[in-house]
Amino acid sequence: MTDYTKEYKAVAERFAIVGEVQEICPYGEGHINVTYLVTTDRRRYIMQKMNTKVFPDSKKLMKNICAVTEYLKAKGVETLNVVPTKEGEPFLQIDANWRVYDFIEDTVTYQTAPNGEVFSNSGRAFGEFQNYLAGFDASVLYDIIPLFHDTPKRFRDFKAALEADAYGRAKDCKPEIGFILAHEATYGLAVEGLADGTLPLRVTHNDTKLNNILMDAKTDKARAVIDLDTVMPGSMIFDFGDSIRFGASTAAEDEKDLEKVHFSLELFRAYAEGYCSAVKGSITPREKELLPYGAYLMTVECGMRFLTDYLSGDTYFATKYEGHNLVRTRTQLKLAAEMERSFPEMAEIVSAIIG
Ligand code: ADP
Ligand code: GN1
Ligand code: MG
């Protein structure tokens, strides 16, 4: 692991951290921020170089995060703790924007679900997270990325990137482009439901992948929902769906061998058991009906976003090699196609849990 201690010690020391900085290393598998683990002789911290391309207004972003975490703390829920700068600010603005959180100790994050139980526990935690926020005043939140899960808008962005084909890459991904174009008619249900009121607008997390939750290292029970950057008004089916997208796959999001990538109904069942048992008291019949569709929608939307980024020269998601976004696109579209074929089985599972 590369050692960034010399480079970033001065940044870490601008925050109200306890102890002398000993080591700073890259950490985690997030696609958006650049995350470091800071170790002092007393404690550990997460320090992030904030992605100001994705979230241009750091002030509003941190106001959202402070509002949500303070609300959760007042309810006794374990959550991110923002470590302020020595001047008492929630982030540091120098050449880049930086923030620091307490490192939540004795926890692990998973990049794929190791078994149904862990995934089920994560489902319960994301369901409970939504319940906790049911009483939170959404009007204090900035719409930090407007139209985040507006799939028709994502489709328009995709078509614009395809039209521009700025890097001449469209020729390498004809089947993927064909899949996304052919499914246009399936993209509108969620935004239409939110617009006509048949789907309730709730405060949702909007990025509920398995590595955005910290599990207890000993018990594998969920400890804290993290990556609160995208907490915004949205639909329950986004949160349910995005977890299924990432966690109900038999392989990693960037698995190159598509033979290994399948949508697992068993993992779907495990997650649904945890999630639905938590939201049973508040889920509406229409939301229940659209949970399987939500899984498909978040998956095809994510595939579309990865492909848009590939066509546009990989400027949004962090990539480790050329073609990384195309590899990700392929796993998502394979999963979306399998989910489409499994709607009846998914609906049966949900009904068996919720009734
Ligand atoms: P990104 O927005 O890039 O996904 P995250 O905020 O999700 O960044 O952080 C990346 C990873 O760092 C997480 O998946 C998790 O493994 C780890 N992480 C983030 N915050 C904490 C924390 N407070 N305590 C422990 N681990 C954390
Ligand atoms: C990003 O930040 P991270 O890595 O948890 C992205 C999500 C995508 C996900 C795909 C703000 O999540 O929307 O679903 O990658 N976050 C943002 O893995 O765009
Ligand atoms: Mg993350």
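Label points 7 Å out from Cα along the Cβ direction at K171 and A252: separation in nm?
Label-label distance for K171 and A252, simple model: 3.1 nm.
In percent, what relative contact order does the chain have, based on Cα pairs under 8 Å that are 6 or more apart in sequence? Write out the running numbers ahead of the final one.
Details: 616 pairs, mean separation 65.3, N = 355.
Dividing the mean separation by the residue count of the chain yields 18 percent.
What aspartates and glutamates does K63 reach when the alpha-carbon gap must be under 20 Å and sequence neighbours fewer than 8 apart in one chain are set aside?
Here the aspartates and glutamates satisfying the reach criterion relative to K63 are E78, E87, E89, D102, D137, D143, D207, D227, D229.
Ignoring ligands, DNA and RNA, please state the percent of accessible area on the chain from carbon and sulfur, probe 1.4 Å. Kindly include the intermediate steps, with their values, before the conclusion.
Working: 7740 of 15350 Å².
The C+S portion of the solvent-accessible surface of the chain is 50 percent.
Please calculate how many Å² of accessible area the stretch 234-355 carries per residue, with a 1.4 Å probe and no DNA, RNA or ligand atoms counted.
Each residue of the stretch 234-355 exposes 34 Å² on average to a 1.4 Å probe.
Give me the dipole magnitude in Debye, nearest 20, for the stretch 186-259 about the Cα centre, with unit charges on the beta carbon: positive for Lys and Arg, negative for Asp and Glu.
On the way: 7 positive and 14 negative charges, 76 e Å.
The dipole magnitude comes to about 360 debye.
What does the highest-first list of 249-262, 203-216 look like by mean Cβ count within 10 Å?
Details: 249-262: 16.0, 203-216: 23.1.
By packing density, highest mean first, the sequence is 203-216, 249-262.
What number, in percent, do you get for the relative contact order of the stretch 214-349 if the mean sequence gap of Cα pairs under 8 Å and at least 6 apart is divided by its residue count?
On the way: 148 pairs, mean separation 40.6, N = 136.
Answer for the stretch 214-349 is 30 percent.
Given the options F179, H205, L194, identify the residue whose Cα lies farthest towards the positive end of the charge dipole of the stretch 163-254 (+1 on Cβ of Lys, Arg; -1 on Cβ of Asp, Glu).
Checked the options; the winner is H205.
Between I94 and D143, with labels modelled 7 Å along Cα→Cβ, what's the label distance in nm to one decimal, could you check?
If labels sit at I94 and D143, their model points lie 3.6 nm apart.
Which of the residue pairs K60/K174; K75/K256; K209/K320; K6/K73; K59/K260; K86/K218 have a Cα-Cα distance greater than 31 Å in the structure shown?
Values: K60/K174 39 Å; K75/K256 43 Å; K209/K320 19 Å; K6/K73 34 Å; K59/K260 42 Å; K86/K218 34 Å.
Checking Cα-Cα distances, K60/K174; K75/K256; K6/K73; K59/K260; K86/K218 exceed 31 Å.
Would any residue of the stretch 224-263 have its amide N under 16 Å from a label point 7 Å out along Cα→Cβ of T284? List them or say none.
233-239
Which whole-number value in Å² is the accessible area per residue of the stretch 1-45, probe 1.4 Å?
Numbers: 2620 Å² over 45 residues.
Here the per-residue accessible area is 58 Å².
Would you mind calculating the gained length between V18 and R156 on full extension (0.36 nm times residue separation, minus the Cα-Cα distance), in nm to one decimal? Write down the numbers at each step before the final one.
Details: separation 138, 0.36 × 138 = 49.68 nm, distance 4.77 nm.
Result for the pair: 44.9 nm of gain on full extension.
Order 325-331, 89-95 from most to least packed using the mean count of other Cβ atoms within 10 Å.
Numbers: 325-331: 23.4, 89-95: 14.4.
By packing density, highest mean first, the sequence is 325-331, 89-95.
R0 = 45 Å: FRET efficiency of E192 with K73, Cβ-based, nearest 0.05?
On the way: r = 36 Å, r/R0 = 0.81.
Efficiency, from the Cβ-Cβ distance: 0.80.
Tell me, what is the FRET efficiency for T219 and I354 to the nearest 0.05, using R0 = 25 angstrom and their Cβ-Cβ distance as r?
0.40
The values are calculated or read from the model by the stated rules, or taken from the named source; none is laboratory data. Just so you know, these numbers come straight off a predicted model, no measurement behind them. As a convention, Cβ positions derive from the backbone with ideal geometry for all residues, glycine included, and neighbour counts pool all protein chains shown. Each accessible area value is taken on the protein alone, full model and side chains, heavy atoms only, with ligands, DNA and RNA left out. Shrake-Rupley method; radii C 1.70, N 1.55, O 1.52, S 1.80 Å.
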